[in-house]
Amino acid sequence: MNSFTRRFARTARVARTMLATTQSLSHTPPRSVYTRAPTAHSIHRTYASDAGFTNPSALARQAHDAMSLGTSALTQGNAQQAQTHLEHALQLHPTSDAHYNMGICQYMLKNIDCAIEHWKKSVQMDPKGADAY
């Protein structure tokens, strides 16, 4: 056994010991390495916030408020209400962030094709925006 193999085996042994100690202290059953793929409701998401909002017009302000309400509804898991607010925001002043959040909303409602279309629009409107990727 060469030195790399010995070091690797020792590191793996230490990691298993630390994992076993941590699991016994927390009194939770050990998590399997093989887990299901995440579902729409099981993964933690971040939503676009339109934080870079700079348009001072009244119409854009109303769209921003509708976007905020839609984002809040998404955070609470209420996709139907979020859809209503985000549709209003997109009618008033479409933005990349609104399309991104509408994509998440449609995904939660199991409208996958519609979700993909909104995410594509988000990328087209802001190709450098990291959210839609």
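The values are calculated or read from the model by the stated rules, or taken from the named source; none is laboratory data. Just so you know, these numbers come straight off a predicted model, no measurement behind them. Positions of Cβ are generated from backbone atoms using ideal geometry, with glycine treated the same way; all protein chains shown enter the neighbour counts. When the accessible area is computed, the model is the full protein with side chains, heavy atoms only, and any ligands, DNA or RNA have been set aside. Shrake-Rupley method; radii C 1.70, N 1.55, O 1.52, S 1.80 Å.
Once segment 41-53 is narrowed to residues that are open to solvent by 80 Å² or more (accessible area, probe 1.4 Å) and more than 14 Å from Ser96 (Cα to Cα), the residue that is modelled with the lowest pLDDT is His44. For segment 80-109, a residue qualifies if it is open to solvent by 60 Å² or more (accessible area, probe 1.4 Å) and more than 18 Å from Asp65 (Cα to Cα), and exactly one does: Tyr107.
Scanning segment 112-133 for residues that are over 16 Å from the mean Cα position of the chain (by Cα) and assigned to a loop (DSSP other than H, G, I, E, B) gives Asp126, Pro127, Lys128. Close Cβ contacts (under 8 Å, 6 or more residues apart or on different chains) running from residues in segment 110-132 that are at negative phi and surrounded by 15 or more Cβ atoms within 10 Å (Cβ to Cβ) to residues that are in a helix (DSSP H, G or I) and of a type in the set (Val, Ile, Thr) comprise Ala115/Ile104; Gly129/Val123; Ala132/Val123. Here Leu69, Leu90, Leu109 are screened, and the one residue that is more than 12 Å from the chain's Cα centre (by Cα) and under 17 Å from Lys121 (Cα atoms) is Leu90.
The set of residues from segment 61-70 being surrounded by fewer than 23 Cβ atoms within 10 Å (Cβ to Cβ) and not small (Gly, Ala, Ser) comprises Arg61, Gln62, His64, Asp65, Leu69.
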